[in-house]
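The values are calculated or read from the model by the stated rules, or taken from the named source; none is laboratory data. This structure is a prediction, so every number in the text was calculated from the model and none was measured. Quick reminder, even Gly has a Cβ in these numbers, built from the backbone with ideal geometry, and neighbours come from all protein chains shown.
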């Protein structure tokens, strides 16, 4: 068995953890769910979920990882051997790997757009033709797979070189670069004509939608997705921390920086949307159809903005994907006693292959596009399963374990919160608030998927049987 790797510095861990949190979830996903959720109402629900559920669960995951000094599953086995709590770790490894299968596909789209803007191809698309430009690309059988493989090859290359020489070095470069670009683009966005409308959309008090449980469902799903909760990533990254590291301040730094990045991303995107009369609730097409249409109306300036914008999104996607691959690699290294190089290549190749159906599910390629899966396409189905169920359940089990299954004195000593009011409040949030909130949202998601939709589970099964028979 090889010795456990460690971060070179504490700031190296924080940058890597922020890199895991800051990704497509902050730009692509946050922007469209903010639009679909009605702006301010979603933003308020999201911030509440982040601090009432996200932060406590994040600190719980970091505590488990640092104490266990192992992968997501191994850490639970070390702390509570012979008990069923390791189910949280199993869900984490499963969720992280499944998310990366489609995350790599979407990140491949981002890389393609960056290349298209860099070469002038995207800038030459006619007005009103960006929807066809995007649909023709994702509907092809070669392009999406090629860019997915290229993206995954870069991710595999970084993880291959290990914690200090690969992941930490990459994030020391990525995070400052991301911060500089997103702040510059956000400031520029605030100079546009639609800035006032964008600020009103995001921040003007409007509590009407807070009674809509779909808004809360999206908010808690976004909180888990953006903070990499339930994916095993934070447990794995924290397992490389030395024992003297201060956990609460690290968790707080990650949450604060991640939330700020998401808000700045909104300030960067929505002024463009409102300036050019676009719909902020355009859904997943906001990043790949709506914004490029606005860039196209902008002329040469839009092309230049597009280059920097998709470079920013691509770097953010890389930092998160690296953490997702590391979850499976860390587990494989312990489980099979493999070298990092063998585990990285094996896990990376398997995840890439499993992701190909998601890449091919966006067009009329094979039977995958014909089956009415819950959520939509095969890619959407995997997204729904992880976002609305496995992430939340994994986080809930972790909260229950730290709150009830682990000795309270040991937990507080591990975090340095013994004999503090904050420590007591944190434990009770893990015991009551977080589990009840997560359970309610999961139940609501389950109801919406299998009872309140036209395409019920029975219809899905019948359709599949009809296809094969």
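For this structure, a couple of remarks:
- The requirement of being modelled with pLDDT of 90 or more, in contact with a helix residue (DSSP H, G or I) (Cβ under 7 Å, 6 or more places away or on another chain), in a helix (DSSP H, G or I) and over 17 Å from residue 153 (Cα atoms) is fulfilled somewhere in the range 334-348, by at least one residue.
- Any chance residue 137 is out of contact with any strand residue (DSSP E or B) (no Cβ under 6 Å at 6 or more places or on another chain), assigned to a helix (DSSP H, G or I), surrounded by fewer than 18 Cβ atoms within 10 Å (Cβ to Cβ) and without any contact (Cβ under 8 Å) to a residue 60 or more places away in the chain: no
- Number of residues in the range 258-307 that are outside any helix (DSSP H, G or I), over 21 Å from the mean Cα position of the chain (by Cα) and touching a residue at least 60 places away in the same chain (Cβ under 8 Å): the value is 2.
- Checklist (1) assigned to a helix (DSSP H, G or I); (2) crowded, with 22+ Cβ neighbours inside 10 Å; (3) modelled with pLDDT of 85 or more applied to residue 225, failing item: (3)
- Filter result for residue 161 (closer than 30 Å to residue 9 by Cβ and without any contact (Cβ under 8 Å) to a residue 40 or more places away in the chain): yes
- Residue, farthest from the chain's Cα centre (by Cα), within the range 78-88, restricted to residues that are in a helix (DSSP H, G or I) and more than 23 Å from residue 246 (Cα to Cα): 84
- Count - residues of the range 349-367 that are farther than 23 Å from residue 96 by Cβ and either at pLDDT 95 or above or part of a helix (DSSP H, G or I) (or both): 1
- Selection of first residues in the range 216-243 that are touching a residue at least 24 places away in the same chain (Cβ under 8 Å) and of second residues that are in a loop (DSSP other than H, G, I, E, B) and crowded, with 24+ Cβ neighbours inside 10 Å, restricted to Cβ pairs under 6 Å at least 6 apart or on distinct chains, gives the following pairs, ordered by first then second residue: 218/37; 224/230; 234/228; 236/71.
- On the stretch given as the range 95-132, residues that are part of a helix (DSSP H, G or I), surrounded by fewer than 20 Cβ atoms within 10 Å (Cβ to Cβ) and touching a residue at least 40 places away in the same chain (Cβ under 8 Å) total 2.
- Selection count, the range 170-193, where residues are in contact with a helix residue (DSSP H, G or I) (Cβ under 7 Å, 6 or more places away or on another chain) and part of a helix (DSSP H, G or I): 13
The rows are residues; the columns are (1) in contact with a strand residue (DSSP E or B) (Cβ under 7 Å, 6 or more places away or on another chain); (2) buried (at least 18 other Cβ atoms within 10 Å of the Cβ); (3) closer than 24 Å to residue 90 by Cα; (4) modelled with pLDDT of 90 or more.
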position: 386; (1), (2), (3), (4): no, yes, yes, no
position: 403; (1), (2), (3), (4): no, yes, yes, yes
position: 408; (1), (2), (3), (4): no, no, yes, yes
position: 427; (1), (2), (3), (4): no, yes, yes, yes
